[in-house]
Amino acid sequence: APESTDERRALIVRAALDLLDADGFDQMSLRRLASHLGMHAPGLYWYFESKQDLIDLMAKEILDRGLADLQRPAADADWQEWLVDLACATRVALLARRDGARVVGSAFLMRAGALTPSIETSLEILEAAGFDRLMALGATMTLVRYAVGAALGEQVSPMAGFAERADLDRIAKMMLASIDGAKWPRPADAYRKLFESDLRNLKGIRDRDRVFRWGAQMFVRGIASFGDTPPL
């Protein structure tokens, strides 16, 4: 059977994500995508209103796939742990694609419905725990923004790709040497301890999964103690 418009659009979005992995976000254009698909660029406007429309749908595909396995918690499960899992799954989804955080950060997520199912679940869980609906939305989006920001930082960091101990040792020495320990003793000492831990057991800045989950847990514990009044 011939492909429907929606099926063809979905295939084009997946092709756009493949092109993203190959060339990166800065090289994304409808013209390059059309060439990749063996089409004329104007033909893409049959499926997308604009490049922004394409980006929105790419973001939806990234998040739909990444959050598909996020399980609804059992009735007696801890809402805090579910929110942490949502943040962690969002970050992993963005890191699964080259420049995934830039795509999602550049998208109109509401228009594409990219996060709507997860937000529905999150609001249901938080309201059952006694939170006001707007407070629940604010808490959910704060965790999502934390995930997007963390993933973006990882994907654009000059440290991305360095994993060898010799590289880490060189970077640590360079960064520590840039801090005036006499003027800024506390940051100098804190960073020294961080890098020493990292070089000793690779449990510091390189274990980003563990560090991110720790940060998400701090956010969620803050949400728990903040109360149920939205900032509106």
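If you roll a 1.4 Å probe over the chain with all protein chains in place, what percent of the accessible area is carbon or sulfur?
55
Taking 35 Å as R0, compute the FRET efficiency from the Cβ-Cβ separation of residue 64 and residue 194 and round it to 0.05.
Working: r = 36 Å, r/R0 = 1.03.
Given R0 = 35 Å and the Cβ-Cβ separation, E is 0.45.
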Exercise for review: Go through 68-80, 92-104, 109-121 and give me the packing order, highest mean Cβ count within 10 Å leading.
Suggested key: 92-104, 109-121, 68-80
Study note, to complete from the structure: Number of Lys pairs in the chain closer than 29 Å at Cα, excluding neighbours under 8 places apart unless interchain, is 7
Exercise for review: Evaluate the relative contact order of the chain (contact order divided by residue number), counting alpha-carbon pairs under 8 angstrom at least 6 apart; express in whole percent.
Suggested key: 20
Revision key, fill the gap. Per the Kirkwood formula over distinct C-alpha pairs, the hydrodynamic radius of the range 1-137 in angstrom is 16.3
Exercise for review: In whole Å, largest first, what are the principal axis extents of the Cα atoms in the range 111-172?
Suggested key: 50, 27, 14
Practice item. Would you be so kind as to identify all helices of the chain, as entire DSSP H runs, whose Cα atoms reach 15 Å or more along the helix's own axis and whose mean Kyte-Doolittle hydropathy is at least 0.0? Key: 79-95, 116-128, 133-156, 165-177
Review point. Given R₀ = 22 Å, FRET efficiency for residue 108-residue 209 by Cβ-Cβ distance, to 0.05?
Key: 0.15
Check your understanding: Tell me, what is the percent relative contact order of the range 1-127, built from C-alpha pairs under 8 Å that lie six or more residues apart?
Key -> 30
Review point. What is the dipole size for the chain, taken about its Cα centre, with +1 at each Lys and Arg Cβ and -1 at each Asp and Glu Cβ, in debye to the nearest 20?
Key: 880
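Residue 76 to residue 218: FRET efficiency via 1/(1 + (r/R0)^6), r the Cβ-Cβ distance, R0 25 Å, to the nearest 0.05?
Numbers: r = 24 Å, r/R0 = 0.97.
So the FRET efficiency works out to roughly 0.55.
Given an 8 Å cut-off on Cα distances and at least 6 residues of separation, report the relative contact order of the range 1-51 as a percent.
On the way: 23 pairs, mean separation 15.8, N = 51.
That works out to 31 percent.
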Review point. Using alpha carbon coordinates only, what is the Rg to Rh ratio of the chain, with Rh defined as the Kirkwood radius?
Key: 1.05
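The values are calculated or read from the model by the stated rules, or taken from the named source; none is laboratory data. In this text the structure is predicted, and so the values were computed from the model without any measurement. Positions of Cβ are backbone-derived with ideal geometry, glycine not excepted, and every protein chain shown enters the neighbour counts. Accessible surface is based on the protein model in full, side chains and every heavy atom, while ligands, DNA and RNA are left aside. Shrake-Rupley method; radii C 1.70, N 1.55, O 1.52, S 1.80 Å.
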